[in-house]
Amino acid sequence: MTILLYDLVGRDAARPFSPHCWKAAMALAHKGLDVSTVPTRFLEVPTVEGGVSKLVPVIRDGQKVVADSFAIALYLDEAYPERPTLFSGDGGKAMARFIERWSQLTIHPYVTTAAIMDLHAMQDEANAAYFRQSREQRFGKRLEEVMAARDTGLDAFRASLEPLRSTLAYQPFIGGQSPLFADYIVFGALQWARIASPYRLLDDSDAVAQWLERCLDLHDGLGRKVAAAV
């Protein structure tokens, strides 16, 4: 049975950009499951599956509806244990929780700073108005003021990735010799930036950039099917 994935998009339905939806998409591909995506814009999210969640991703697998990228990954490992694991046991789940917290506290804030005006530009008129109003309320300043800090923050952002950079000196993926859901968590954050904005976060020589390239090649190049922003 084909699984439905409600995937966040802007004006262009072929350019899904949400870091959390990318986690779910990669998890589904890791499991080798048949997926049909449902392009969903910000203002449509409250209508998804009768309002089951304020956020996407949401999946429907037969009669089962699951919201939240981490909950989706847990569900997939439990529902399809015969397929490649996303966590490799309880230790992998605990590690992924740590990576999720690290990514959302370290990577997400800077990507928001760097890409916020590009994300705004990706929306149609109604969704752009929603995006501006909701984000300016959250940050207490105009989007243009948020983005103004990206150049001065770039060096600190790159330095903040040193734990990941150092880990990748020992192994090709966060999960070891092959990726686990922990990889997809960080991939989702950097894929978000890659799709939304042409702003250059990483040098090509950076071990993190090389890891990102490996992730883009996974699952028949799923990540590359959406071109980088130009």
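Computed from the coordinates I sent, Kirkwood radius over Cα pairs in Å equals one of (i) 17.4; (ii) 20.2; (iii) 18.1. Tell me the label. So the structure-derived entry is (iii).
Looking at the stretch 1-109 only, what percent of DSSP beta bridges run antiparallel? Nearest 5 please.
On the way: 7 of 13 bridges.
DSSP beta bridges in the stretch 1-109 are roughly 55 percent antiparallel.
Pairs of Lys residues in the chain are counted when their Cα atoms are under 29 angstrom apart and they lie 8 or more places apart or on different chains; the count is 16. Full extension of the chain segment joining Tyr75 with Leu55 gains 5.5 nm, where the gain is 0.36 nm per residue of separation less the Cα-Cα distance. Computed from the C-beta positions of Arg11 and Gln63, the FRET efficiency with R₀ = 35 Å rounds to 0.60. For the stretch 124-177, the C-alpha radius of gyration divided by 2.2 N^0.38 Å, with N the number of residues, is 1.75. Once the convex hull of all Cα atoms in the stretch 5-117 is built, its volume per residue stands at 109 Å³. Its Cα centre serving as origin, the chain has a Cβ charge dipole (Lys and Arg +1, Asp and Glu -1) of approximately 320 debye. Of the three principal axes defined by the Cα atoms of the stretch 136-215, the extents in descending order read 43, 23, 20 Å.
Based on Cα contacts under 8 Å between residues 6+ apart, the chain shows a relative contact order of 24 percent. Rolling a 1.4 Å probe over the protein heavy atoms of the stretch 93-212, with every protein chain left in place, gives an accessible area that is 55 percent carbon and sulfur. Placing pseudo-labels 7 Å out from each Cα toward the beta carbon at Ala207 and Glu125 gives an inter-label distance of 5.1 nm. Only one residue of Leu216, Leu201, Trp102 has its Cα farthest out toward the positive end of the dipole of the chain, where Lys and Arg carry +1 and Asp and Glu -1 on Cβ, and that residue is Trp102. Kindly provide the helix-only [θ] at 222 nm of the chain, computed as the sum of -39,500 (n - 2.57) over DSSP H runs of four or more divided by all residues, to the nearest 500 deg cm²/dmol? That calculation yields -16000 deg cm²/dmol at 222 nm.
Note on the stretch 67-156: Kirkwood radius taken over Cα pairs, Stokes-Einstein applied at 25 °C and 0.890 mPa s, translational D equal to 156 µm² s⁻¹. With each label modelled as a point 7 angstrom along the Cα→C-beta vector, the Arg142-Lys225 pair spans 4.0 nm.
Ordering Leu154, Tyr75, Ser53 by Cα displacement along the dipole of the stretch 50-172 toward the positive end leaves Ser53 in first place; charges were set at the Cβ atoms of Lys, Arg (+1) and Asp, Glu (-1).
The values are calculated or read from the model by the stated rules, or taken from the named source; none is laboratory data. Just so you know, these numbers come straight off a predicted model, no measurement behind them. In this analysis, Cβ positions are derived from the backbone assuming ideal geometry, glycine residues included, and neighbour counts consider all displayed protein chains. Ligands, DNA and RNA are excluded from the accessible area calculation, which covers all protein heavy atoms including side chains. Shrake-Rupley method; radii C 1.70, N 1.55, O 1.52, S 1.80 Å.
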